[in-house]
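Encoded as C-alpha cells, the structure appears first; notes follow it.
None of the figures in this text is laboratory data; all of them are computed from the coordinates on show. Computed from a prediction, not measured in an experiment: that's the story for all the values here. Note that each Cβ is placed from the backbone with ideal geometry, even for glycine, and that neighbours are counted across all protein chains shown.
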Amino acid sequence: MSVHVHEHAHAHVHRDDIGGRMGMWLFLFTELILFGGLFFLYAVYRFMNQEDFHLAAKELNTMIGTFNTAILLTSSLTMALSITAIQRNSKKLSIFFQIVTIVLALGFMVNKYFEWTTKFHHGIYPGSEELLAQSSGQILFFGLYYVMTGLHGLHVIIGMVLIGVMTRFTAKGIVNSDSYVKLEAAGLYWHLVDIIWIFLFPLFYLIT
Amino acid sequence: MSKHSEHGPHAHSYSIYILVWLALMILTGVTVAVAGINFGSLTVATALLIASVKTYLVLTIFMHLRVEQKVFKVFVFVAFLFFLISIVLLFSDYSFM
C-alpha cells in the first residue's frame, strides 16, 4: 500500500468523495424544504377546499400524467445504470445511458409543453378571465398546479443541463471509473426530481 | 483505508436497478388503478402510501442509501422526521380551526 501511494505521489490530488456526496445530500435537504413548503400549502388548501380541488383536477389529463411518470421513472433507471457502467469502466455504455436520460427528460418536457398549451387554449392560466370566474378553490388548485409543476419542470431542465455537462466530462475522461462522484451527484439530483414527481402525480392528476 | 470505501459503493448490479424500475412501474399502475375506486378519505392515504413505498425504493437503491455509510441514513431519517413533525403540527393546528 505504501509503495502504491509513493508511486502515485506526484499525481495525488486531494479528494473526498464521501464529503462530496454528503454535500449533495445536504443540498437535496434544502430542496426538500423548498418543495415541502409548497406541499404544505397544497395540503392545507386542499383540506379547506376539498370539493373544488376534486372539480378542478378533472381538467387534468391522467393519461399524459401517467405517461410522464413512466418516462421519468425510466430516466431514473438509465441514470442509475450510467453510474454502474462507469464503475465497470464501460465509458461508451455510460455515455449512452446518460444521453438516453437526457432524451427522456426532453420527452417529459415536450409532454409538459403540450399539456400546458392545451390548458392555455382552454383559457386556464393564472389570471385568465375563465379561471377567475371559477370558485376560489379552483383558482388555488390551478395556482398550485402551475407553480409546483412549473418549479419541477425547471428542475428537470436544470437536471438535463447537469447531465449534459456530465456526458461531456465522461467523454473527456474527467469522469472515469476511478473518479465518478460528479456523475453520482448529478444522479442524486435527478432521482430527487423523480421523487418530487412521484408525489406531484397522484396529488394533482389522481383526485377524482 | 480500502479503495472501496474511499471511492464509493460498488455493490449495485444492473439487474437490481431493472427490478426496482419494474416495481416502480407496477406501483404507478396500482396508484392509477386504485385512484378510480372511491375509498373516501382513505383514497389520499392510499396514494401517499404507494408514493412513499416508491420513494423508499428510489432512496435506497437508485440513490445508493442502502450501501452508503450509516451517517447518510441518519441524515435522511432526521430530515424526513422533521418534515413529518412539521406536517403533523400543521394539521393538528388546521383541524381545530
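Would you calculate, for chain A, the mean residue ellipticity at 222 nm contributed by helices, counting each DSSP H stretch of 4 or more residues as -39,500 (n - 2.57) and dividing by all residues, to the nearest 500?
Details: 8 runs with 169 residues, N = 208.
So the helix-based figure for chain A works out to -28000 deg cm²/dmol.
Through the Karplus equation 6.51 cos²θ - 1.76 cosθ + 1.60, θ set to phi - 60°, convert the phi angles of segment B:32-44 into ³J(HN,Hα) values in whole Hz; use x for Gly and Pro.
With coefficients 6.51, -1.76 and 1.60, one gets 5, 5, 5, 4, x, 8, 9, 9, x, 5, 6, 4, 5 Hz.
Could you give the C-alpha radius of gyration of segment B:3-68 expressed as a fraction of 2.2 N^0.38 Å, taking N as the number of residues it contains? Display every interim value, and only then the final one.
Numbers: Rg = 15.6 Å, N = 66, 2.2 N^0.38 = 10.8 Å.
Normalised by 2.2 N^0.38 Å, the Cα Rg of segment B:3-68 equals 1.44.
Arranged by the count of other C-beta atoms within 10 angstrom, fewest first, what order do B:63, A:148 take?
A:148, B:63
Would you list, by chain and number, the aspartates and glutamates whose Cα falls below 19 Å from the Cα of residue A:92, excluding same-chain residues fewer than 8 positions away?
Within the straight-line limit of under 19 Å, residue A:92 reaches these aspartates and glutamates: A:178, A:184.
For peptide A:195-204, compute the average count of partner chain beta-carbon atoms within 10 Å of each residue's beta-carbon. Walk me through the numbers before you get to the answer.
Numbers: counts 8, 1, 1, 12, 6, 1, 6, 13, 4, 0.
Mean inter-chain Cβ contacts per residue within 10 Å come to 5.
So what are the ³J(HN,Hα) numbers for segment B:63-73, from phi and the Karplus equation (6.51, -1.76, 1.60; θ = phi - 60°), rounded to whole Hz, Gly and Pro as x?
8, 6, 4, 4, 9, 7, 4, 4, 4, 5, 5
Give, in whole angstrom and from largest to smallest, the semi-axes √(5λ) of the equivalent ellipsoid of the protein assembly as shown, with λ running over the eigenvalues of the Cα gyration tensor. Show your work: numbers first, answer last.
Values: eigenvalues 305, 89, 57 Å².
The equivalent ellipsoid of the protein assembly as shown has semi-axes of 39, 21, 17 Å.
For residue A:91, which lysines qualify as cross-link partners when the Cα separation must be under 27 Å and same-chain residues fewer than eight apart are set aside?
Straight-distance partners of residue A:91: A:172, A:182, B:3.
Check the straight Cα-Cα distances from residue A:119 and name the aspartates and glutamates below 15 Å, setting aside those fewer than 8 residues away within the same chain.
Excluding near neighbours in sequence, the set is A:59, A:129, A:130.
How shielded is B:57-64 by partner chains, expressed as the average number of their Cβ atoms within 10 Å of its Cβ atoms? Show your work: numbers first, answer last.
Details: counts 1, 8, 3, 0, 2, 13, 14, 7.
Across the residues of B:57-64, the mean count of other-chain Cβ atoms within 10 Å is 6.
What dipole magnitude, in Debye to the nearest 20, does the protein assembly as shown give about its Cα centre under +1 on Lys/Arg Cβ and -1 on Asp/Glu Cβ?
820
Could you pull the Rg and Dmax for segment A:161-206, using just the Cα atoms, both in Å?
My reading of the Cα-based Rg and Dmax gives 14.4, 44 Å.
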